[in-house]
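Before any comments, here is the structure.
The values are calculated or read from the model by the stated rules, or taken from the named source; none is laboratory data. Bear in mind the structure is a predicted one, so any value in this text is a computation, not a measurement. Cβ placement follows ideal geometry from the backbone for every residue including glycine, while neighbour counts extend to all protein chains displayed. Only protein heavy atoms, including side chains, enter the accessible area calculation; ligands, DNA and RNA are left aside. Shrake-Rupley method; radii C 1.70, N 1.55, O 1.52, S 1.80 Å.
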Amino acid sequence: MAEWLKRGKSASDIEEGDAKVRATVESILGDVAKNGDKAVRALSEKFDGWSPETFRLSEAQIQEAMSKVSARDLEDIKFAQEQVRGFAQAQKAALRDVEVETLPGVILGHKNIPVNSVGCYVPGGAYPMVASAHMSVVTAKVAGVKRVVAAAPPYKGAAHPAIVAAMHLAGADEILVLGGVQAVAAMALGTETIDPVDMLVGPGNAFVAEAKRQLYGRVGIDLFAGPTETLVIADETVDAEICATDLLGQGEHGPTTPAILLTNSEKLARETMAEVERLLTILPTAEIARKSWTDYGEVIVCKDEAEMVVEADRIASEHVQVMTRDPDYFLDNMTNYGALFLGPRTNVAFGDKVIGTNHTLPTKKAARYTGGLWVGKFLKTCTYQKVLTDEASAMVGEYCSRLCMLEGFVGHAEQANIRVRRYGGRNIAYGTAAE
């Protein structure tokens, strides 16, 4: 039986905060839908103190921002994008169009068709999330998306040069210096100066995530997302320092980030809790990480690896760092996770920034039913059918006619019957089943 040495906030406390976010976002979306550019400008001024002549950067402004980025930073951005692009290309190569003759004269198939336009949100409030440009824009372009709009909030009163550079190098067709709910609303709903997109992707704070949730249906989204989550699964083959470091490394994302240690060693659990407290005295981002750990951190002790798998699948965390004597046991047996990081030599930061897998991943237990952002999210798998012979049309028509009448769909049956009459030479009375 799993034992909690530390628990985070209750579900009811979390839901109370979520309700306030929902109401705020609903109001903002309604304002943008009704007032377009005027609302977007007022919201940008209110939340970011930002109201330029236009939110879209010109080519000259893009080049000016690029010139402010050091050669080493540009090289690092390009390296990260090469990794993301390479893995996305490998994923796309695994997808193929299908066409098969299922019956004589009956052809069924599907095509993987890219979404026409995508809005990529890149967070830039507390931290300028340069890597989010790689994850969304690069992957969309590999998928074949024709129009990619990338948006990020202003940083210290201007476009963030490194984010702009990353967006541009990734292949963004339009770059907006615009943040928050107003940014995703403008991209999804369109305004007088911003054409709407078909899909929204990218991480964001609780308000951006809620905006995407409320906009879903009017546009597609990558996934429903909440605060960053991390789960460290460890045994006595590693020490408290590395466990605590990996917990707090994600805890600095924000004050509502769940960071959980799952272990079969009570000794490691208690040592890690002590090490977390020590690191919080020296970590520069300790103010945020401490609140995250205090309110949302958990420590769970299990009897063995099998129970650890059960608990890990219940938690269904976004990031799962596995540091045990046999990490592949969890790869083979876990089913609910956003991404696995197997062994102490890798870690969540590698995935967040540079190694090539995508860092936009499911949270709030969405890993039970979806994976994260990948090239396939930008592709619509659309089916088609062809019937090449009279005989095939009549034969399938007879089955279809009877099945339609079984359900009471007489008009549907007649769609089949007319083919049976024309191509099969059968005299079927209108409104009856083909016998």
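In deg cm²/dmol, rounded to 500, what helix-only [θ] at 222 nm does the chain give when every DSSP H run of at least 4 residues adds -39500 (n - 2.57) and the total is split over its residues? Numbers along the way, then the final one.
Details: 17 runs with 201 residues, N = 435.
Helix contribution divided over all residues of the chain: -14500 deg cm²/dmol.
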State in Å² the accessible area per residue of segment 302-393; use a 1.4 Å probe, count heavy atoms of protein chains only, and round to the nearest integer. 48 Å²
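Out of the DSSP beta bridges found with both residues in the chain, what percent are antiparallel (nearest 5)?
Here the share of antiparallel DSSP bridges comes out near 35 percent.
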Sorted list, accessible surface of protein heavy atoms, 1.4 Å probe, largest first, for 414, 64 is 64, 414
Among 208, 293, 114, the residue whose Cα sits farthest towards the positive end of the charge dipole of the chain, when +1 is placed on the Cβ of each Lys and Arg and -1 on the Cβ of each Asp and Glu, is 114
Pop out the ³J(HN,Hα) list for segment 270-285 in order, Karplus 6.51 cos²θ - 1.76 cosθ + 1.60 with θ = phi - 60°, rounded to Hz; leave Gly and Pro as x. 5, 5, 5, 4, 5, 5, 4, 4, 5, 5, 5, 7, 10, 6, x, 9
Relative to the longest principal axis of the chain, what angle (0 to 90°, nearest 10) does the C-alpha long axis of helix 37-48 take? 20 degrees
In degrees from 0 to 90, rounded to the nearest 10, what is the angle of the helix 71-93 Cα long axis to the longest principal axis of the chain? 30 degrees
Among chymotrypsin sites (Phe, Trp or Tyr not before Pro) in segment 348-435, those in a DSSP loop whose Cβ has at most 15 other Cβ atoms within 10 Å are 369, 409, 430
Find, among the trypsin sites (Lys or Arg not before Pro) in segment 50-132, those assigned to loop by DSSP (not H, G, I, E, B) with at most 11 other beta-carbon atoms within 10 angstrom. 96
Neighbourhood charge, 10 Å Cβ-Cβ cut-off, centred on residue 150 and excluding it, Lys, Arg +1 and Asp, Glu -1: -2
By the Kirkwood definition, with r running over pairs of different Cα atoms, segment 212-260 has a hydrodynamic radius in Å of 13.0 Å
For segment 1-92, shape from the Cα gyration tensor axes a ≥ b ≥ c, cut at a/c of 1.5 then a/b versus b/c, turns out oblate
From the Cα gyration tensor of segment 317-435, with a ≥ b ≥ c the square roots of its eigenvalues, which class applies: rounded if a/c is under 1.5, or else prolate if a/b is larger than b/c, or else oblate? prolate
Shape call for segment 51-116, from the Cα gyration tensor axes a ≥ b ≥ c (a/c under 1.5 means rounded, otherwise prolate when a/b beats b/c, else oblate), comes out oblate
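By DSSP, what percent of the beta bridges with both residues in segment 1-155 are antiparallel, rounded to the nearest 5? Spell out each step's value before the answer.
Details: 5 of 10 bridges.
That works out to approximately 50 percent antiparallel.
State, to one decimal in nm², a quarter of the convex hull surface area for the C-alpha atoms of the chain, i.e. the direction-averaged projected area. Don't skip to the end; give the middle numbers.
Values: hull surface 106.5 nm².
It is 26.6 nm².
Round to a whole number: what % of the accessible area of the chain belongs to carbon and sulfur, probe 1.4 Å? Walk me through the numbers on the way to the answer.
On the way: 11110 of 20830 Å².
Using a 1.4 Å probe with all protein chains present, the chain comes out at 53 percent carbon and sulfur.
Counting only heavy atoms of the protein chains, get the accessible area per residue of segment 98-155 (1.4 Å probe) and round it to a whole Å² value.
Values: 1900 Å² over 58 residues.
Per residue, segment 98-155 has 33 Å² of solvent-accessible surface.
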If I stretch the segment between residue 78 and residue 51 completely, what's the gain in nm (0.36 nm per residue apart, minus their alpha carbon distance), one decimal? 6.6 nm
A correct Kirkwood calculation over the Cα atoms of segment 126-197 returns a hydrodynamic radius in Å of 12.4 Å
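What does the charge count around residue 420 come to, taking other residues whose C-beta lies under 12 Å from its C-beta (Lys +1, Arg +1, Asp -1, Glu -1)?
Net of charged neighbours comes to 0.
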